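Encoded as structure tokens, the structure appears first; notes follow it.
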Amino acid sequence: MSPIIEVQDLSKTYASGTVALSGVTLDIAEGEILALLGPNGAGKTTFISILCGLVTPSGGRALVGGHDIVRDYRAARALIGLVPQEIAVEPFERVMNTLRFSRGLFGKRPDDAHLEQVLRSLALWDKRDARLNELSGGMKRRVLIGKALSHGPRILFLDEPTAGVDVNLRREMWAVVRDLRASGVTIILTTHYLEEAEEMADRIGIIDKGRLLLLKETAKLMHEFGRKRLTLELAEPLAALPAGVAETMTGHMPTLSPDGLHVSFDYDTRADRSGIARLLAGFAAAGIAVRDLETEQSSLEEVFLHLVEQGG
């Protein structure tokens with residue numbers, strides 16, 4: 001099956017000489033959630049704006065549902081719903097009327113049955129007659145998603161969908177996004193919340209200085225770049241690790257801290273055997289008492305910072 005979005009060598013250079021996007025190439029599969037990460041000014045919003053027809057590319061090509069975004073922009077744009085970061089709505093308009101207006105902008109015939117389905121999926125049906133200034137910030141964000149879905153797009157772009165909202169509301173929005181994906185909508189989101197990308201995305205792309213540094217499945221990204229570390233606190237300091245302990249280990253070797261009181265061991269949680277049991281058994285056989293232990297998982301934030309610092 002062909003990807004729903006195909007991007008080839010896409011670039012954007014503004015009149016000032018600023019290179020916002022440089023040679024970005026990727027395909028996006030139908031029905032996936034793709035998260036784009038990057039620092040401010042990395043090119044994420046420019047990328048979305050080009051695909052949504054808001055910014056004209058300087059070079060390269062992009063197809064949305066097989067339609068060229070420049071030559072056949074109307075057909076391409078009809079497949080897309082965009083939820084901007086800013087909450088910009090008419091405060092005194094009612095929720096249902098807001099969706100009706102957005103649907104009309106795409107030349108779609110009135111279809112309140114479809115809009116009812118959209119509002120129900122966003123838990124907004126009971127607010128259909130409420131004015132927008134009566135809604136909470138979280139509900140207003142849902143209305144923005146409803147507006148973007150009003151014309152029945154196959155692709156939804158979410159630009160910082162949970163910026164400035166509290167943790168509970170953020171998780172609530174995650175559930176909405178998952179439900180949309182389950183209904184067949186392809187979702188591309190930008191976010192500064194690395195936990196958000198790690199939790200929801202099928203794949204993660206990292207953009208910096210207009211370049212796509214990396215694009216991988218989330219699980220593979222964490223497998224290749226992530227780690228888990230076990231730290232043992234010993235009852236008595238050691239001058240060196242017992243030879244018997246080191247000889248039984250494979251892969252990563254445990255390391256002893258300068259004070260001799262802590263032993264660190266990096267391991268892969270996805271491996272059939274992590275080596276932890278062998279390590280602990282070796283200490284027990286050597287008569288070394290362990291006072292305490294703790295584990296630490298590398299986060300996507302560490303992976304992200306490493307890749308940006310190394311330039312991919």
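Data for the structure
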{"item": "Prolate/oblate/rounded label for segment 69-168 (Cα gyration tensor, a/c 1.5)", "result": "oblate"}
{"item": "Gain upon complete extension [GLN117, SER136; 0.36 nm per residue less C-alpha separation]", "result": "4.7 nm"}
{"item": "Cα-derived Rg to Rh of the chain, Kirkwood definition", "result": "1.11"}
{"item": "Under 23 Å from LYS228, Cα to Cα: lysines that are on another chain or at least 8 residues apart", "result": "LYS216, LYS220"}
{"item": "Nitroxide proxy distance, nm - points 7 Å out along Cα→Cβ at LYS209 and PHE106", "result": "3.8 nm"}
{"item": "Packing-based exposure ordering (other Cβ within 10 Å, fewest first) of HIS67, HIS151", "result": "HIS67, HIS151"}
{"item": "Partner lysines for LYS140 [C-alpha distance under 26 Å; skip if fewer than 8 residues away on the same chain]", "result": "LYS44, LYS108, LYS127"}
{"item": "Debye intensity ratio in log₁₀ form over the Cα atoms of segment 165-225, taken at each q of 0.15, 0.21, 0.22, 0.30 Å⁻¹", "result": "-0.52, -0.94, -1.00, -1.31"}
{"item": "Residue-averaged 222 nm ellipticity for the chain, from DSSP H runs of 4+ at -39500 (n - 2.57), nearest 500", "result": "-10000 deg cm²/dmol"}
{"item": "Crossing angle, helix 95-105 versus the chain [Cα axis fit, 0-90 degrees, rounded to tens]", "result": "70 degrees"}
{"item": "Sites matching trypsin sites (Lys or Arg not before Pro) across segment 38-118 that sit in DSSP coil, with at most 10 neighbouring C-beta atoms within 10 Å", "result": "ARG71"}
{"item": "0 to 90° range, to nearest 10: angle between helix 167-182 axis and the chain longest Cα axis", "result": "70 degrees"}
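Every read-out reported here was derived from the displayed coordinates using simple, explicitly stated rules and does not represent laboratory data. What you see is a predicted model; the values in this text were computed from it and never measured. Don't worry about glycine lacking a Cβ; one is built from the backbone with ideal geometry, like all the others, and counts go over all protein chains shown.
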